[in-house]
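Note sheet for the following structure.
The values are calculated or read from the model by the stated rules, or taken from the named source; none is laboratory data. None of the values given here were measured: they were computed from a predicted structure. Glycine gets a Cβ as well: all are built from the backbone with ideal geometry, and neighbour counts include every protein chain shown.
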Amino acid sequence: MRIGKDFSMISSTQELKELVARARKIDCVALDTEFIWERTFYPQLGLIQLALSDEDCHLIDPVAIKDLTPLGKLLSDRNVVKIFHDAPQDLIILSRVTKAIPANIFDTRIASGFSGLPSTISLVNLVNVLLDIELPKTQTRTNWFHRPLSDEQIDYALDDVRYLRAIRVLLLTRIIVPEIKSWLRVELDTLNDPQSYIGCTDYERFQKIKGAGSLDRNGLAVLRELAAWREQEARHLNRPRGHVVTDKNLLELARQEVNSFENLEQSGLLNAKKLQRFGEAIIKCITTGKSAAGDDRPEIRKPIRLNTREKQVFERLASFVQLKCDMQGIDPHLIGTTAELKQLARNLNSPGAPLPPRLTHGWRKMFLEEFFRQRL
């Protein structure tokens, strides 16, 4: 264990177990991670920061500690609040390395949006606004696998957690209305469900590929199979998706009439090594996609185009959201995206149209109830 003037470096499993035992006796702790994400499918974890108080901070070294599962007991402890700023990426990383499901998470970025501040605010700006402290930004592109860490790296890492406990108190103080505090609690509870921040499934990944909208439904069915296969292969190899097959080549494979290994070789879309390694799997994906039943062939999600009446409803809805948010000190971005508001406007004008799930459940539904009553 390396001990500094205001921190300790945790570099063994036993030290980690002892630290976790201490942390679980406290009502709330602050956490953050530093990682590099360049040549792998998964982010490579370089450092974990844990603050039990402003002056009791610890740097956990995942380079030295091969078993981080003891930290999972803290991450999943419902009796301890874990404070993050912009939690989802940290939670994805930590839940993977600890094999634990996060519980009782407080995200200062989300809470900012309920307290009269932008829900997209950076930690640097939040610390400056609430504590009048300017944090340096010098280590944003540093190598977190370098050992020993430099003093500048250590200071930067500690700054990411040392102020979070104080910020949580200040944010909650700024939220006066009990109803808004209850909405914040509901929103934070979504972070207890990994599905809320993991993103799309393997079979939805094709929708993220630029240019997918240029394909017909037959091509999209093939692209769906190819993109799902690539996702699984990249995950297995722990390599970036583009290192398996690029988006551009996936599109071409879905567009062209490739139905045999020979066709695939002639297409020139794969080099000899990738052809040998992935060729059969790619042909299988193409065959499966082409054989998809008509009602199982996907459609790309296209931008919503509103007619004149729907535009009028959308404009009134957007104005209502903005005005009510201004009155209650909530960032409008927390309510919903422009696409979600358009989708709701379409449904209100044309009952039976798909409803945006987030806007018709939970606290967002309560927020919009007055608008719904006005419509009736």
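General observations
- Out of THR69, THR13, one residue alone is out of contact with any Pro (no Cβ under 8 Å at 6 or more places or on another chain) and free of Cβ contacts under 8 Å to residues at least 60 places away in the same chain. It is THR69.
- The residue list ALA292, ALA318, ALA234 contains one member that is surrounded by 15 or more Cβ atoms within 10 Å (Cβ to Cβ) and not in a helix (DSSP H, G or I), which is ALA292.
- Filter pass, PRO298 being surrounded by 12 or more Cβ atoms within 10 Å (Cβ to Cβ) and not in a helix (DSSP H, G or I): yes
- For the range 143-162, the set of residues classified as among the basic types (Lys, Arg) and surrounded by fewer than 15 Cβ atoms within 10 Å (Cβ to Cβ) consists of ARG147 only.
- Candidates in the range 328-376 are the residues that are among the aromatic types (Phe, Trp, Tyr) and in contact (Cβ under 8 Å) with a residue 60 or more places away in the chain; of these, the one that is surrounded by the fewest Cβ atoms within 10 Å (Cβ to Cβ) is TRP363.
- Extreme residue, nearest to the chain's Cα centre (by Cα), among residues of the range 29-49 that are closer than 14 Å to HIS85 by Cβ and aliphatic (A, V, I, L, M): LEU31
- Look at (1) closer than 13 Å to LEU94 by Cβ; (2) in a strand (DSSP E or B) and you find that MET9 fails only one, number (1).
- Selection within the range 274-287 - more than 32 Å from the chain's Cα centre (by Cα) and over 15 Å from THR246 (Cα atoms): GLN276, GLU280, ILE283, THR287
- Count - residues of the range 107-131 that are over 24 Å from SER196 (Cβ atoms) and touching a residue at least 40 places away in the same chain (Cβ under 8 Å): 3
- Being assigned to a helix (DSSP H, G or I), of a type outside the set (S, T, N, Q) and surrounded by fewer than 21 Cβ atoms within 10 Å (Cβ to Cβ) holds for only one residue in ILE133, ILE167, ILE180, ILE110, and it is ILE180.
- Only residues that are more than 19 Å from ASP54 (Cα to Cα), modelled with pLDDT under 95 and not basic (Lys, Arg) were counted in the range 116-138, giving 1.
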